[in-house]
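Nothing in this text is a laboratory measurement; each read-out follows from the coordinates by a stated rule. These numbers were taken from a predicted model, which means no experiment stands behind them. Every residue, glycine as well, gets a Cβ built from its backbone with ideal geometry; the counts of neighbours run over all protein chains shown.
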Amino acid sequence: MTTDQPRPNNALPSDVAVHVRGVTKDFGTGGSLTKALRGVDLDVPYGEMLILAGPSGCGKTTLVSIVAGTLAPTDGDVVVLGKNLIAMPNRLKVRFRRDNVGFVFQSYNLLPALTAAENAAVPLLIAGWRRARAVEAASEVLDTLGLGDRLTRLPTELSGGQQQRVAIARAIVHQPRLLVCDEPTSALDAKNGRITMELIARIAVQPDRAVIVVTHDSRVYSFADRIALMEDGRIESVEAGMHQAHPANPA
């Protein structure tokens, strides 16, 4: 498969945000070779929340790392938001991630010396915004998440659910067109897990955006438009989620 030439703009339907074909990923060589991905095919349309489910070690995190441009595949074709990530130089890939991709990490990854507002403003600061403007914009997002009275608190002064909301604010403050969430509810109880997913669904699922959620938590499947089940480095099936069966805005 040739991967060094950009895919023509008209080669994909306009409603596809993420297009993955024949993607493989090997780690190590010889006797220590591990095949993490074994020929993955997946499309994620705009306006969709896709849940990527499967057992530990099946390749979920490897796949979303490739989709987000933080890991290169061994082979295959990856087009995200109309851009061929395989053909994209690393310096442009860094800019692409900065401008278009948001991450919600399992462990929050908040900086302990920064306040809630400062943590949420990090993507804007990286993009070159003036500090005061970035913190102001981040504060507005935190306020919509119910943390308007926690803006100056340090992470250690916040509950687990509040830290998760700060992590969500940081992921969406720059209005990314692709949001990737890695086990966003694994450290939360049922109530806070549902609140977290409701926030992600309400804020991030938009007609010009796409959301991929990696999870073991079957409690959140009801938020999915589709559920892709992975096993041993492959997508075994893609099923309609409950949200797909009951769309919020039917045509």
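Assuming 0.36 nm per residue, please report the length gained on full extension of the stretch THR74 to SER107 beyond their Cα-Cα distance. Numbers along the way, then the final one.
Values: separation 33, 0.36 × 33 = 11.88 nm, distance 2.77 nm.
Here the segment from THR74 to SER107 would lengthen by 9.1 nm.
Sum -39500 (n - 2.57) across every DSSP H segment of at least 4 residues in the chain, then divide by the residue count to get the 222 nm mean residue ellipticity, nearest 500.
Numbers: 8 runs with 75 residues, N = 251.
Here the helix-only value at 222 nm equals -8500 deg cm²/dmol.
If you stretched the chain out fully between LEU154 and LEU33, how much longer would it get, using 0.36 nm times the residue separation minus the C-alpha to C-alpha distance?
Numbers: separation 121, 0.36 × 121 = 43.56 nm, distance 4.30 nm.
Separation in residues times 0.36 nm, less the Cα-Cα distance, equals 39.3 nm.
State, to one decimal in nm, how far the label point of ARG133 lies from the label point of ASP232, with both points 7 Å from Cα in the Cβ direction.
5.4 nm
Any idea what the relative contact order of the chain is, in percent, if you count C-alpha pairs under 8 Å spaced at least 6 apart?
Working: 500 pairs, mean separation 65.8, N = 251.
Averaging sequence separation for qualifying contacts and normalising by length gives 26 percent for the chain.
Take the alpha carbon gyration tensor of the range 9-122, find the square roots of its eigenvalues, order them as a ≥ b ≥ c, and report rounded if a/c is under 1.5; if not, report prolate when a/b exceeds b/c, else oblate. Could you put the intermediate results ahead of the total?
Details: a/c = 1.68, a/b = 1.22, b/c = 1.38.
Oblate, since a/c reaches 1.5 and b/c is not below a/b.
Would you mind ranking PHE223, PHE96 so that the residue whose beta carbon has the fewest other beta carbons within 10 Å leads the list?
Numbers: PHE223 21, PHE96 18.
The most exposed by this proxy come first: PHE96, PHE223.
Mind sorting out which of (1) 81, 37, 28; (2) 53, 47, 39; (3) 63, 42, 33 is the real Cα extents along the principal axes in Å computed from the coordinates?
Recomputing Cα extents along the principal axes in Å here gives the entry labelled (2).
Rank these for me by crowding, VAL122, VAL20, going from fewest to most other beta carbons within 10 Å. Mind dumping the intermediate values first?
Details: VAL122 18, VAL20 22.
Least crowded to most crowded, the residues run VAL122, VAL20.
Under the Karplus relation 6.51 cos²θ - 1.76 cosθ + 1.60, θ = phi - 60°, what is the ordered set of whole-Hz ³J(HN,Hα) values for the range 178-191, x standing for Gly and Pro?
With the stated coefficients, the range 178-191 comes to 10, 10, 10, 10, 9, 6, x, 10, 5, 9, 10, 6, 4, 5 Hz.
Tilt of helix 90-100 relative to the longest C-alpha principal axis of the chain, in degrees (0 to 90, nearest 10)?
50 degrees
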